[in-house]
Amino acid sequence: MNKLLPLILALILAACATKGIPPPHHLPAVTQTETRWFKLSELSGQGEPLQTTLLAVQPEQDNSWRWLQTDALGAPKARLRLDKNGWQNDGFIMPNPSAQQLFAAMLPLLLGDAANIYPDLNIEQQGSDTVYRRGGQTVWTQRRLGSQYLLIFPNRRVWQVESIAP
């Protein structure tokens with residue numbers, strides 16, 4: 001029993017960490033074949049970059065998507081696969097709930113049609129912000145800054161998203 005307790009606690013923490021991540025209800029058919037590349041910068045409260053990573057989003061023939069986030073040296077930070085059944089870990093990288101939350105918020109930027117992807121979220125336009133809410137609680141806010149976006153989460157994490165290829 002003593003050996004099972006850490007495993008049970010880890011599973012409970014993982015379930016709590018992914019609670020706010022909405023599952024996509026509908027994924028548009030994959031129409032592009034090229035991998036999309038993004039520069040992701042996590043920003044401090046003062047808008048200074050805390051970390052910068054690279055994200056590759058690769059469409060697959062089976063209407064799924066592979067998401068690979070690496071650090072500046074190319075070491076994987078997160079590797080997930082999105083298909084009709086939702087998000088799954090892809091490979092042997094540890095689960096990364098914050099990356100999954102970030103990728104879920106990027107999905108409308110990548111595929112458009114947010115209302116069909118997340119029909120259980122209320123999507124409100126407030127000036128230059130698009131606010132995604134569930135049950136009155138903000139899940140994330142998307143702010144367009146020219147060709148870049150800011151994704152702002154309730155836990156005060158802010159990510160700057162910049163497309164760098166197709």
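Looking at the range 143-166, which of its residues are without any contact (Cβ under 8 Å) to a residue 60 or more places away in the chain and closer than 23 Å to residue 59 by Cα?
147, 148, 149, 151
Quick test for you: out of 84, 77, pick the one residue that is out of contact with any Lys or Arg (no Cβ under 9 Å at 6 or more places or on another chain), within 20 Å of residue 24 (Cα to Cα) and touching a residue at least 12 places away in the same chain (Cβ under 8 Å).
Values: 77 fails: within 20 Å of residue 24 (Cα to Cα).
Just one listed residue meets the conditions, 84.
From the residues in the range 147-166 that are outside any strand (DSSP E or B) and over 26 Å from residue 33 (Cα atoms), which one is least open to solvent (accessible area, probe 1.4 Å)? Step through it out loud before you land on a result.
Here is the first cut: in the range 147-166, the residues outside any strand (DSSP E or B) are 147, 153-157, 166.
Okay, now just the ones that are also over 26 Å from residue 33 (Cα atoms), so 153-157.
Working: 153: 10, 154: 82, 155: 92, 156: 207, 157: 62 Å².
Ranking the candidates gives 153 first.
Could you tell me which residue of the range 9-47 is least open to solvent (accessible area, probe 1.4 Å), considering only residues that are modelled with pLDDT of 80 or more and basic (Lys, Arg)? If you could, list the steps in order and put the result at the bottom.
Let us first name the residues in the range 9-47 that are modelled with pLDDT of 80 or more, namely 24, 34-47.
Within this subset, residues satisfying the condition of being basic (Lys, Arg) are 36, 39.
Numbers: 36: 39, 39: 85 Å².
Step by step, filter the range 9-47, then rank; the result is 36.
Considering the range 95-126 alone, what residues qualify as being within 8 Å of the chain's Cα centre (by Cα) and among the acidic types (Asp, Glu)?
We begin by selecting, within the range 95-126, every residue within 8 Å of the chain's Cα centre (by Cα); these are 98-107.
Hits for the range 95-126: nothing passes.
Answer yes or no as to whether residue 54 is closer than 24 Å to residue 132 by Cβ, modelled with pLDDT of 90 or more and assigned to a strand (DSSP E or B).
Numbers: closer than 24 Å to residue 132 by Cβ: no; modelled with pLDDT of 90 or more: yes; assigned to a strand (DSSP E or B): yes.
It is false that residue 54 is closer than 24 Å to residue 132 by Cβ, modelled with pLDDT of 90 or more and assigned to a strand (DSSP E or B).
For the structure I just gave you, tell me whether residue 78 is in contact with a strand residue (DSSP E or B) (Cβ under 7 Å, 6 or more places away or on another chain) and open to solvent by less than 50 Å² (accessible area, probe 1.4 Å).
On the way: in contact with a strand residue (DSSP E or B) (Cβ under 7 Å, 6 or more places away or on another chain): yes; open to solvent by less than 50 Å² (accessible area, probe 1.4 Å): yes.
Yes; evaluated as a whole, the condition is true for this residue.
If the Cβ limit is 8 Å and pairs must be 6+ apart or interchain, which residue in the range 43-58 that is farther than 18 Å from residue 100 by Cα pairs with which residue that is part of a loop (DSSP other than H, G, I, E, B)?
45/156; 50/44
Filter the range 87-110 down to residues that are touching a residue at least 60 places away in the same chain (Cβ under 8 Å) and not in a helix (DSSP H, G or I), then give me how many there are.
Looking only at that region, the number is 2.
Is it true that residue 131 is open to solvent by less than 50 Å² (accessible area, probe 1.4 Å) and either acidic (Asp, Glu) or without any contact (Cβ under 8 Å) to a residue 12 or more places away in the chain (or both)?
Spelling it out, residue 131 is indeed open to solvent by less than 50 Å² (accessible area, probe 1.4 Å) and either acidic (Asp, Glu) or without any contact (Cβ under 8 Å) to a residue 12 or more places away in the chain (or both).
Could you please let me know if residue 115 is open to solvent by 60 Å² or more (accessible area, probe 1.4 Å) and assigned to a helix (DSSP H, G or I)? Reasoning before the result, please.
Working: open to solvent by 60 Å² or more (accessible area, probe 1.4 Å): yes; assigned to a helix (DSSP H, G or I): yes.
Yes: the conditions hold for residue 115.
Which members of the range 59-74 meet the condition of being out of contact with any Leu (no Cβ under 9 Å at 6 or more places or on another chain) and either among the small types (Gly, Ala, Ser) or free of Cβ contacts under 8 Å to residues at least 24 places away in the same chain (or both)?
Of the range 59-74, the ones out of contact with any Leu (no Cβ under 9 Å at 6 or more places or on another chain) are 59-62, 73.
Scanning the range 59-74 gives 62, 73.
The values are calculated or read from the model by the stated rules, or taken from the named source; none is laboratory data. In this text, all values refer to a predicted model and were calculated from it rather than measured experimentally. Note that we place each Cβ from the backbone using ideal geometry, even for glycine, and neighbour counts take in every protein chain shown. Calculation scope for accessible area: heavy atoms of the full protein, side chains included, ligands and nucleic acids excluded. Shrake-Rupley method; radii C 1.70, N 1.55, O 1.52, S 1.80 Å.
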